[in-house]
Amino acid sequence: MRLAICPGSFDPITKGHLNVIERASKLFDRIIVVIMVNPDKRSTFTDQQRVSFIEKSTKHLDNVEVDLSHGLVVDYAKLKNACSIVRGLRALTDFEYEFQMSLINKKLNPEVETVFLNTSEEYMYLSSSMVKQISSFGGDISDFVPTVILEDITETLKRRD
Ligand code: ADP
């Protein structure tokens, strides 16, 4: 059983994230999408909302589960006996940070491999912060987030203003 984890903030999950998760779900037997809770980084959506958005968006994927973690990615990987950490790569801008993280994670736990999946071309400009910015100015985000969570996201962002 080859288990991989897809860690991230997912604040909120976008079609770019979902595309990476869908592709990873074909490469591994089981995937856990794990929201890494960082107390220094205030999220826009609550932990529960972020979990629920991912659950709704991945309902069609039999081998994908969702979880939350308050610790280090490598510790979570070890706890779950995961062989890989899957990360998406958008452009050169992601590379430096991801490269550094993967080397640090390798040092902390040499057993776990980081696997990078390139973004699909249509999502290469897409990020959670871009979605929030567009929506806060009343823009249409339907091309950017899974349809099942579109209304929840726009409603929450509207209530914040
Ligand atoms: P973090 O805060 O850890 O960077 P994110 O939730 O922003 O987490 O992203 C989680 C992972 O998904 C990261 O590897 C990120 O590069 C990747 N990702 C985000 N947006 C996209 C996208 N549009 N296409 C491909 N990968 C993406």
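The values are calculated or read from the model by the stated rules, or taken from the named source; none is laboratory data. What you see is a predicted model; the values in this text were computed from it and never measured. Reconstructed Cβ throughout: ideal geometry from the backbone, glycine too, with neighbour counts over all protein chains shown.
So which residues in the range 116-130 are over 14 Å from the mean Cα position of the chain (by Cα) and either under 13 Å from residue 77 (Cα atoms) or part of a helix (DSSP H, G or I) (or both), if there are any at all? Hits for the range 116-130 are 121, 122, 130.
Yes or no: the range 92-108 includes at least one residue that is surrounded by 13 or more Cβ atoms within 10 Å (Cβ to Cβ), within 22 Å of residue 36 (Cα to Cα), within 14 Å of the ligand (Cβ to nearest atom) and in contact (Cβ under 8 Å) with a residue 40 or more places away in the chain. No: zero hits.
Being in a helix (DSSP H, G or I) and either among the aromatic types (Phe, Trp, Tyr) or out of contact with any Cys (no Cβ under 6 Å at 6 or more places or on another chain) (or both) is true of residue 75.
Conditions (1) farther than 15 Å from residue 84 by Cα; (2) within 13 Å of the ligand (Cβ to nearest atom); (3) modelled with pLDDT of 95 or more, marked per residue:
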site	(1), (2), (3)
8	no, yes, yes
13	yes, yes, yes
17	yes, yes, yes
26	no, no, yes
40	yes, yes, no
54	yes, yes, yes
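Selection over the range 78-107 of residues that are of a type in the set (Lys, Arg) and part of a helix (DSSP H, G or I) gives a count of 4.
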